[in-house]
Structure formats: structure tokens, C-alpha cells
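Just below is one structure, and these are the notes that go with it.
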Amino acid sequence: MVTKDPVCIGITGTHSTGKTELLRRIEMELRGHGIIVGRTGGLGKHAAALGFPKMQHHTARSTEWIIARGIADELALGASGAQVVLADRAPVDALAYFTAALEFRGDAPGPWEVEQLTAMASVRTDGYALLFATVLDPTVPVAASHDYNPRFRTLVDRHCHTILATGEVKHVRVTSAAESKNEAIRMAVDAVLGVVV
């Protein structure tokens with residue numbers, strides 16, 4: 001029996017911490033069980049193509065667009081028949097990038113910006129069957145093709161985990177250890193098979 005609404009699994013965390021790789025592995029496992037899976041992604045690239053600032057240059061407007069587009073992409077995948085939607089960068093992710101960017105630049109948010117963006121992000125965050133949060137491991141090297149500011153990367157990691165803890169958002173921390181990633185995959189497959197099959 002197939003559920004009417006898809007099972008949604010989200011992931012958040014600073015850049016180059018294995019989010020996309022983990023979701024690909026979950027996707028392969030689920031497809032191996034005959035599950036129809038949709039996966040979002042590329043929000044930062046889409047935003048940049050439209051001229052929105054990203055990374056340490058994030059603004060309230062770019063964050064609002066990324067949250068709205070991410071939610072729209074998830075809903076579209078569900079409407080197109082996916083039994084499971086894997087959200088590569090849950091809405092809370094954009095919020096963490098925004099608040100980290102503010103701290104990085106030494107800027108203060110405008111009136112109500114953080115509150116409004118938090119409200120937007122929380123609308124969807126509560127709908128995840130599972131929300132994974134990757135943990136930055138500074139000993140794991142970043143690919144040479146990525147020109148990331150290490151201070152900003154660390155700020156995003158801290159802001160992400162602070163937002164999740166402060167908002168009492170139920171989530172599972174995933175470290176760079178193989179056992180942690182394998183456990184996340186097992187949890188995702190068990191959560192889906194318990195509902196979809």
C-alpha cells in the first residue's frame with residue numbers, strides 16, 4: 001500500500017560535510033526496495049543564477065527565496081508521485097547560512113528578519129519524518145575545487161546546530177564516521193519501509 005503523502009527526509013549542515021553523498025546513498029537503498037524517490041538539490045546554484053547572493057553574502061531576501069524554492073521543490077516532487085522526498089538542504093539550512101553570514105560580516109539583521117525566516121523554515125521542518133544534521137569535521141579536507149572560507153564554514157556549522165537545539169527541532173546528528181553515516185541510512189530505510197511498504 002502506498003501512502004498518499006510522501007515520506008519526507010531532510011538534511012542540513014555546513015558545506016562539504018557529506019549531505020548530498022548521504023542522501024544519494026539513502027536514495028539508492030530505497031530504490032533497491034522499489035520505492036519511488038525524489039530528491040531536491042541545487043538551491044544555491046539556482047539562487048546564484050538568478051543573482052541572489054549566497055554563502056557569506058546571504059541576505060534576508062536570498063534566504064527567503066531559498067526557503068520558499070526548497071519547499072516548493074519538495075511539494076512538487078510529492079505531487080509528481082514520489083513516495084519519498086529527500087530534501088537536500090532543509091529550510092533550516094538557509095536560516096543557518098543567513099545568521100552565520102550576518103555574524104561573519106558583523107551585520108545585524110533588519111527588524112523581524114530572523115523571526116520571519118524562522119517561521120518560514122519551521123513550517124516545513126516539522127513535516128520531516130527524519131531530519132539529519134551533518135557535523136563539521138575539520139580534519140576532513142575540502143576538495144581543492146572548493147574555495148570555502150574556513151571561518152564561515154565553521155560559523156554555519158555552529159549556527160545550524162544552535163538553531164536546531166534552540167528550536168528544539170528533533171534531528172539526528174551525523175558525523176563523518178562511516179558508522180554514523182551507515183546508521184543514518186539504516187534509520188531512513190527503516191522509517192520509510194515502516195510507512196510505505
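The values are calculated or read from the model by the stated rules, or taken from the named source; none is laboratory data. Computed from a predicted model, the values in this text were never measured in an experiment. Note that each Cβ is placed from the backbone with ideal geometry, even for glycine, and that neighbours are counted across all protein chains shown. Please note that ligands, DNA and RNA were not included when accessible areas were found on the heavy atoms of the full protein model with its side chains. Shrake-Rupley method; radii C 1.70, N 1.55, O 1.52, S 1.80 Å.
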Subject >> Residue that is farthest from LYS4 (Cα to Cα), among those in region 55-74 that are open to solvent by 60 Å² or more (accessible area, probe 1.4 Å) and under 15 Å from the mean Cα position of the chain (by Cα) >> reply: GLU64
Original post:
Within region 1-21, how many residues are in contact with a Phe, Trp or Tyr (Cβ under 7 Å, 6 or more places away or on another chain) and open to solvent by less than 30 Å² (accessible area, probe 1.4 Å)?
Top reply: 5
**OP:** Tell me, please, whether a residue that is at pLDDT 95 or above and of a type in the set (Lys, Arg) can be found in region 3-14.
**Re:** no
**OP:** Select from region 163-178 the residues that are under 22 Å from ILE26 (Cα atoms) and free of Cβ contacts under 8 Å to residues at least 40 places away in the same chain and write down the one among them that is most open to solvent (accessible area, probe 1.4 Å).
**Re:** LYS170
Original post:
Restricting to region 89-115, what's the tally of residues that are closer than 23 Å to PHE152 by Cα and surrounded by fewer than 22 Cβ atoms within 10 Å (Cβ to Cβ)?
Top reply: 12
Subject >> Selected residue (only one of LEU155, LEU131, LEU136 is touching a helix residue (DSSP H, G or I) at 6+ places or on another chain (Cβ under 7 Å), in a helix (DSSP H, G or I) and in contact (Cβ under 8 Å) with a residue 12 or more places away in the chain) >> reply: LEU155
Original post:
Restricting to helices (runs of 4 or more DSSP H) lying wholly in region 14-114: which have 1 or more residues that are more than 26 Å from ASP137 (Cα to Cα)?
Top reply: 19-32, 43-49, 60-79
